[in-house]
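Q: Sharing a structure here in structure tokens format.
The values are calculated or read from the model by the stated rules, or taken from the named source; none is laboratory data. All values derive from a computational prediction rather than experimental measurement. When we count neighbours, we look across all protein chains shown, and the Cβ atoms used for this are built from the backbone with ideal geometry, even at glycine. Ligands, DNA and RNA are excluded from the accessible area calculation, which covers all protein heavy atoms including side chains. Shrake-Rupley method; radii C 1.70, N 1.55, O 1.52, S 1.80 Å.
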Amino acid sequence: MAEEKLQRAGRRLVRLIEDAGLLLILLATLVAAAGEVAHMIGARSVHLADLLLLFIYLEVVAMVNAYWQSGQLPVRMPLYIGMVALARYLILDMKELDEWRMLAVAVAILLLGLAVLIVRYGHVRFPYETSGREADKP
């Protein structure tokens, strides 16, 4: 009985720490996005790199939301963020990249895309029985 109470208290503490970390990530992302929007307004111009950066911020917010709702880290979302970040790098530094580095970045994007397909296939073929947050409820 006491061990069960201790385990529940431990799960609640871990959940509280997770929520505090997620809130910190969310606030930091919103501050960074607001700074980027302020920069675009100050420069009076919007470039593709700016939009891709805002898309990365939006994906981080969506990932935090998905984690709060399901209690599980959606593996595909960091893969999407990585793909967009590499595409942004490719677009921003296109002039300074040699052919091999450009090819390496393109192959990295392709590999991340294949990883997304594999993960999606795994989720369809081998679905989860319960979500993490629901399984932790007493």
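Q: Heavy atoms of the protein only, probe of 1.4 Å, neighbouring chains included. What is the accessible area of LEU73 in Å², nearest 10?
A: For LEU73, solvent-accessible area is about 100 Å².
Q: Let me ask something else about it. Quick one: if the Förster radius is 25 Å, what FRET efficiency do LEU48 and ILE25 give, using the C-beta to C-beta distance and rounding to 0.05?
A: 0.50
Q: Sticking with this structure for a sec: Once fully extended, how much extra length lies between VAL37 and VAL14, figured as 0.36 nm per residue of separation less the alpha-carbon to alpha-carbon distance?
A: Net length gain for the segment: 4.8 nm.
Q: Going 7 Å from the Cα of TYR128 in the Cα-to-Cβ direction, what parts of region 32-76 have a backbone nitrogen less than 17 Å from that spot?
A: 62-76
Q: Can you tell me the 0 to 90 degree angle between the C-alpha axis of helix 99-125 and the longest principal axis of the chain, rounded to 10?
A: So the helix axis and the longest Cα principal axis differ by about 30 degrees.
Q: Follow-up question, since we're still on this one. Starting from the alpha-carbon convex hull of region 1-43, give the projected area averaged over all orientations, in nm².
A: So the Cα hull casts an average projection of 2.3 nm².
Q: For region 1-106, what's the relative contact order in percent, using C-alpha pairs closer than 8 Å and at least 6 residues apart?
A: Normalised by residue count, the contact order of region 1-106 is 22 percent.
Q: Enter the angle in degrees (range 0 to 90, nearest 10) between the Cα long axis of helix 76-92 and the first principal axis of the Cα atoms of the chain, meaning the one along which they spread out most.
A: 20
Q: With angles folded into 0 to 90 degrees, how steeply does helix 48-70 sit against the dominant principal axis of the chain? Use alpha carbons for both and round to 10.
A: 10
Q: Let me check I have the definition right: for the chain, take the eigenvalues of the Cα gyration tensor, multiply each by 5, take square roots. What are those semi-axes in whole Å, largest first? If you can, show how the numbers build up before the last one.
A: On the way: eigenvalues 261, 97, 24 Å².
Those come to 36, 22, 11 Å.
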